[in-house]
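Every number here is computed from the coordinates shown, using simple stated rules; none is lab data. The model shown is predicted, which means the values in this text are computed figures rather than measured ones. Cβ coordinates were reconstructed from backbone atoms using ideal geometry, including for glycine residues, and neighbour counts include every protein chain displayed.
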Amino acid sequence: MLADYSFGLTLDGQAQTIQALLRAFPPGAGADPELALVRAGGDLVQGRLDEAAAHLVVAETYAEAAPLDRRRRLEVALAALNLSLARRRGHLAGLFEQVEFLNSPVTGPSDEDIALGNDLRAVALMNLGIVEAWSLALPDAERHLQQGADLAREIGRPYLEVSCLAQLGFASKIHPFAVTQERCREAIAAAERYGWGAEPVIAPALLTLAASMIYTGDLDEGERWLQRAERALETDTGPGIRLLTHIVGGMLAAGRGLLPEAAGEFGAAERLRAQLTGSHALASQVTGWLLATQARLGMTGEARTALASLDDERASSGEAGNARGTICLADGDPAGALGALRDVLDGTAPVIGYLSVVEAQLLAGRAHRELGDQRAANQAAGRALTLAERDRPVLPFLITDSRELLENLPHHETAQPEELSPGELRVLRYLPTNLSRLEIARDLSVSPNTVGTHIRSIYAKLGVQDRSSAVERARELRLLAAGRAR
């Protein structure tokens with residue numbers, strides 16, 4: 001019975017119940033081949049991928065000889081677990097091969113067959129969406145994860161629905177930070193309603209929310225969400241999600257100027273990346289930030305050696321170009337930095353997102369300034385600020401040591417993002433809307449008093465007396481991104 005229903009129990013978030021039942025078997029019974037499937041599922045939940053693979057081999061051998069009336073259920077469970085294993089190992093080719101059935105209608109001789117087919121289809125949609133998200137095929141990832149969430153809701157699988165929603169938050173990086181944060185908070189709220197707010201299932205949303213906060217300069221809030229994600233992942237040892245944890249930890253340390261800690265986090269992420277079977281979409285970002293951090297620490301020789309050892313795909317990425325530029329600047333070679341950044345700036349080098357181009361423009365600005373060309377430095381800094389208008393990210397400015405570059409911009413050429421705190425900037429973006437202070441507070445999950453305090457400070461810093469004047473002045477200073485009002 002446990003072997004028959006372990007798949008369904010796992011989809012309902014009952015992994016701990018399964019483990020308790022396993023422990024309750026008498027000595028010797030745990031070696032039963034039927035329980036190999038159960039153990040494989042438990043290993044996958046906790047990220048023990050090699051152990052899961054070994055148990056799946058035993059379970060597959062047993063399923064081939066199982067009675068016909070039980071074989072179908074075992075085969076469905078095996079297919080679902082193999083999908084999850086392929087995804088968590090980064091084995092993209094294997095996963096895409098196994099989800100070809102997605103275009104086929106769910107049919108079967110009985111209601112049970114249809115139910116099993118729906119379960120497997122929902123799991124496959126989730127795994128396919130996750131792989132697409134981590135491959136940065138974000139529009140496809142959004143579509144499949146939303147389909148998976150909708151199907152899970154229809155068939156009464158809330159745990160699977162929350163899993164899809166958590167990954168949908170991660171896949172929402174294609175959108176402005178406000179949209180990403182909203183989707184992450186929706187997934188977290190759904191998990192909390194079912195009592196899964198501290199489970200590994202919600203970690204992707206927690207980490208994505210933490211990263212977006214860190215990007216926008218709210219480092220303390222980002223740390224709070226990162227710590228919550230780390231607690232949720234205490235029982236998960238899988239390399240993929242832990243890689244993301246170390247990336248976010250490195251971002252936090254780098255934003256605070258804690259370079260040795262940042263290098264340690266990015267180094268840990270790089271080691272985990274090497275454990276994944278397939279090419280990871282964030283590989284170039286991890287490598288680029290690690291090498292740039294080493295250069296800022298004065299370890300330019302080590303960084304250059306690592307750069308020379310990269311495979312062609314990562315070496316040609318825009319993130320590697322940014323690392324080269326940072327190394328050149330650290331070595332006192334601004335002309336070399338401009339050469340290293342050329343392909344990033346002209347759009348030839350592939351990048352994982354526009355924020356890598358913001359970094360490149362800031363590094364180019366620093367290089368021009370060191371060469372004595374202040375006009376070119378101002379132009380590069382201006383382009384960086386223009387690119388950053390949509391989300392007002394702060395992290396690229398912090399990790400590229402761009403403070404002096406911005407301080408030397410003529411007043412009319414800069415939005416001076418350092419004048420308003422991250423909290424004030426978030427409130428400022430709501431001022432062009434029709435939302436009241438109470439509605440803004442609800443949307444930001446803060447108190448109305450906090451919103452009022454921020455608005456008074458915004459008025460004082462912008463030298464205005466009312467909301468409409470604040471909006472007008474903010475637009476003059478490019479503090480408001482076009483299209484953000486609603």
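Some observations on this one:
- Under a model in which nothing but the beta-carbon of Lys, Arg (+1) and Asp, Glu (-1) is charged, region 260-418 shows a dipole of about 80 debye around its Cα centre.
- Between Y5 and A54, the modelled labels are 2.9 nm apart [label points 7 Å from Cα along Cα→Cβ].
- Spin-label pair E404/R231, simplified geometry with 7 Å Cα→Cβ offset, distance in nm: 4.3
- Spin-label model distance (nm) - S316 vs N449, 7 Å beyond Cα toward Cβ: 5.9
- Estimated 222 nm signal from helices in the chain, with DSSP H stretches of n ≥ 4 weighted -39500 (n - 2.57), rounded to 500: -22000 deg cm²/dmol
- Residue list for region 170-189, given a label point 7 angstrom along the Cα-to-Cβ vector of S135 and an amide N cut-off under 18 Å: 170-174
- Considering only G336, G47, S309, the residue lying farthest towards the positive end of the dipole of the chain is G336, judged by Cα position with unit charges set on Cβ.
- Computed from backbone phi with θ = phi - 60° and the Karplus coefficients 6.51, -1.76 and 1.60, the 3J(HN,Hα) list for region 173-186 is 4, 5, 9, x, 4, 4, 5, 4, 5, 5, 5, 5, 5, 4 Hz; x is used for glycine and proline.
- Taking amide H as placed 1.01 Å from N in the peptide plane, the amide H of T433 sits under 5 Å from that of R486, each at least 5 places away or on another chain.
- For the chain, the longest principal axis of the C-alpha atoms and the axis of helix 448-462 are separated by about 30°.
- Spatial separation of Cα centroids for region 229-294 and region 142-184, in angstrom: 23
- Counting only Cβ charges, +1 for Lys and Arg and -1 for Asp and Glu, the dipole size of the chain around its Cα centre is about 1160 debye.
- Part-to-part distance (alpha-carbon centres) for region 311-335 and region 64-86, which is given in Å: 48
- Rounded tilt (10° steps) of 467-476 against the dominant C-alpha axis of the chain: 80
- Gain upon complete extension [L297, E64; 0.36 nm per residue less C-alpha separation]: 78.1 nm
- Helix 239-255 axis, angle to the chain major axis (alpha carbon atoms, nearest 10°): 20
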